[in-house]
1. Over the Cα atoms, compute the radius of gyration (one decimal) and Dmax (the largest Cα-Cα distance, rounded to a whole number) for region 297-390, in Å.
2. Can you give the FRET efficiency to the nearest 0.05 for residue 600 and residue 382, using r as the Cβ-Cβ distance and R₀ = 35 Å?
3. In degrees from 0 to 90, rounded to the nearest 10, what is the angle of the helix 9-21 Cα long axis to the longest principal axis of the chain?
4. If the cut-off is a Cα-Cα distance under 18 Å, which lysines reach residue 756, setting aside same-chain residues fewer than 8 apart in sequence?
5. Starting from the Cα-Cα distance between residue 59 and residue 862, subtract it from 0.36 nm times their residue separation and give me the gain in nm to one decimal.
6. Choose one of 131, 326, 9: the residue whose Cα lies farthest towards the positive end of the charge dipole of the chain (beta-carbon charges +1 Lys, Arg; -1 Asp, Glu; about the Cα centre).
7. First check a/c for region 679-745, with a ≥ b ≥ c the square roots of the eigenvalues of its C-alpha gyration tensor; if it is under 1.5, answer rounded, and if not, answer prolate when a/b is larger than b/c or oblate otherwise.
8. Could you list the GluC sites (Glu not before Pro) in region 685-731 that lie in coil according to DSSP, counting only those with at most 15 other Cβ atoms within 10 Å of their Cβ?
Amino acid sequence: MAGDNTPTPMMVQYLGLKAKAGDCLLFYRMGDFFELFFDDARAAAATLDIALTSRGEHDGKPIPMCGVPVHAAEAYLARLIKAGHRVAIAEQTESPEQAKARGGKTLVARDIVRFVTAGTLTEDSLLDSWASNMLVAVAPVGVFFGVAAADISTGYFELVTVTAGSLEAELARLAASELVVPDGFAQPPADAIIRPRADFDSIVGGDLLRRHFALATLDAVGAVTRAEQAAAGGLIAYLAHAGQGKMPFLKLPVRREVHEHLLIDQATRDSLEINSASKGGRTGSLLAEVDRTITGAGARQLASDLAAPLMDKAKIDARLSLVQWFHDAPLTRDAVRTALRQLPEIARALGRVVAGRGSPRDLGQIRDGLDAARVLRERLGVMESRPELLDMLLPALDGHGHMVDHLARALVESPPTDTAQGGYIAEGYDAALDVLRSAGRDGRQAIAQMEARYRDATGIAALKIRHNAVLGYFVEVPAKHGDALMAPGTGFTHRQTMAGAVRFNSPELHEEAVRITQAGGHALAAEAAHLEELIALVLSRRDAIAASAEALARIDVSAALAERAAESNWSRPSFVAHPCLEIEGGRHPVVESALAKSGDRFIANDCKLSPEKRLWLVSGPNMGGKSTFLRQNALIVLLAQAGSYVPATSAKLGLVDRLFSRVGASDNLARGRSTFMVEMVETAAILAQATEQSFVILDEVGRGTSTYDGLAIAWAVVEGIHETNRCRCLFATHYHELTRLSESLDALSLHHVRAKEYKGDLVLLHELADGPADRSYGIAVAKVAGLPPQVVARASSVLAKLEKGRAETGGLAAGLGDLPLFSAAMDAAEAKVDALRDKLSGLDIDALSPRAALDLLYELKRTAGES
Ligand code: ADP
């Protein structure tokens, strides 16, 4: 329609749907393709590396277009979602015949049936089997934030209320694939999805929760706060929007309390490389190092355990006792792990079934998974001295016998994902279906006999009866025999001439073909009806099935942790009531395995923090093993509270409420902050949040600035931690001067990583010893690193000069010992402010003459200036 700027009816429909899709890419169904237009086409073509073409015109310009075939759409969707896009799927909602019936050349009606977003996936091909996929909604209500999180691929759903101070750590724990917040949310994270404020109303949210779970009151969930109801409302509204009314699987929400788990902020997670390594990816992370789970559900459970270590000694011990049981019984462990290997994924198959996207294959997985669960229960049920947690889990593994039998009778052994071809309902399940199928089979046999007869009758040995989707059944002969069958009276009618062959029909063949097709159609319909019943059967038991899946995941995790512990001689940690951290022979699991690969041995080290000596200052040369030591102790705490054995000969600790790590100058330039700024921001967070129950590791604080600034800051931070936070802390530094703090700070003790020079070469022993380091060995490290000899020699003479100067002036920290104590300095600052306040509040302004007022101003100024 060149020259005419009126949009075509199709474009009008498209633009209407696109307006509804908003900033999601619109997949517009046309026949066997999903087409994308305009900017969507440009973005998709670039991400998917497919051809950008054009079609027709809009506003006098060609419309950019690209398309993906419907049968391969999932793979393309996966790439678009990974690249950060969201996609709206517009399907044809009526057949061309229905459209025609509405009148003349009416366009087929289309509508958006689903929004595919990172947080609302259920397809196996779009998900990592070992990682959860969290959709999180946050709602601010007063000074609180309600957080609702769901993994709809398994139905997991939780609610928690936090204050501003712990929101970041909670979001870091949940590691959402998609985060939704209400319009007007202060400083939303960059990739957050902004949704209408009305969706986050606490009253509406409470109603939605009650309605979704058919509850009279929310008491069954616990004391759900208003903030949680608001967040749940936002989450459910978003899910309803994404599924366009079709709700995915949500289990009854679990209410969590912030103090139920060890809080760990994002910076600490990154620096400890818990779930992913600093260079990105899972390899090299603590999780990858520990993970010996067999099933995807187990891997996801372990990741979530490590992301949220517990604060309840009884719960931790329950987990540990099960790990120990598997640890002490290697044969049972092996048998269970072998059984788990056969286990198909239950949780996600169920998620798809509930979301209305379940296939016969999903039902087959549920059947086989639950059957294996029952066998496992029988085996474990006869074992002796079972720990309590196992006894709690076992009943959940059973009770599906009736449904499993039903599914076993109804479905073939390995049912397909696609239902279009049928063949998934087992022979013998439904007599009527069997009759229809045998009619089809008889028909096919009749056709085979017909082919033989035709060959005899025509004398053409190469004659074949074939089938394709366009023509149905037809007779085909090579081109040179075509004429023979064309002759009148043969009973064959010509249908198609190909390059090397000619195709015919015959009345007899036609009749048989109709019979086969009809029987096939009826059979397909019968299978579809059975599928629906089977799905209803599974849905009626969804909560029990989900509980089995959870119990299996916990068993997998426990046996896997036992396996990992046995591999490297880990030990069971024990917990005490006072804040201590006593670790003998501690090791860093990731560094240890890396060293083992090159045949090197890891040197185990002890750590002994107690209320009397709760702050260790660790000095020593670069590369001496300081940050490894710091991290290994943090990881041991984390593993212990997650219910795992730990890489140490023994470990005893008081529960840690928050874990902080500031290790190494992790460059954050990408986020536009200098390293030093990042370091200070993170240190500020630690000083503001660490409590007496916390554990903090700090490495080289102050390294990012000049020597004097750096030393001054490090000095003040150590004092602050010691006097105010009073937490357990390991502080590594290369500022030798800090060792002087041990004179004034009682709970601080000095340690160093050992090194020695042997025949002019530096030997790093990676061994921790008491007392301060005797020297810094910086130049020796530089020499090891390969600095040219002349530079090393020059550095040595510069150092000699500097050290001479230091000896004469008393060194960098000269005079610092005379400063008033940290607490005294704080008191003085406060006292001064208070003196001003006292004077001002006692003032009767109306009674002052101008002269007196002026005098008073001078006096106030003097007070403020006093030091
Ligand atoms: P620092 O923080 O003192 O500069 P690191 O902790 O980064 O030193 O350790 C430097 C390297 O030394 C590590 O990459 C590791 O290869 C090795 N290392 C550290 N600790 C040990 C140990 N306990 N046993 C063996 N090698 C170690």
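Just so you know, all these numbers are worked out from the coordinates, no wet-lab data involved. Just so it is clear, the structure is predicted and the values come from calculations on it, not from any experiment. Here the Cβ positions follow ideal geometry from the backbone for every residue, glycine too, while neighbour counts run over all protein chains shown.
1. 15.7, 44
2. Details: r = 45 Å, r/R0 = 1.29.
My answer for the efficiency is 0.20.
3. The two axes meet at around 30 degrees.
4. 626, 783
5. Difference between extended and current length: 281.6 nm.
6. So the residue furthest toward the plus end is 9.
7. In terms of gyration-tensor shape, oblate.
8. Answer in residue order: 692.
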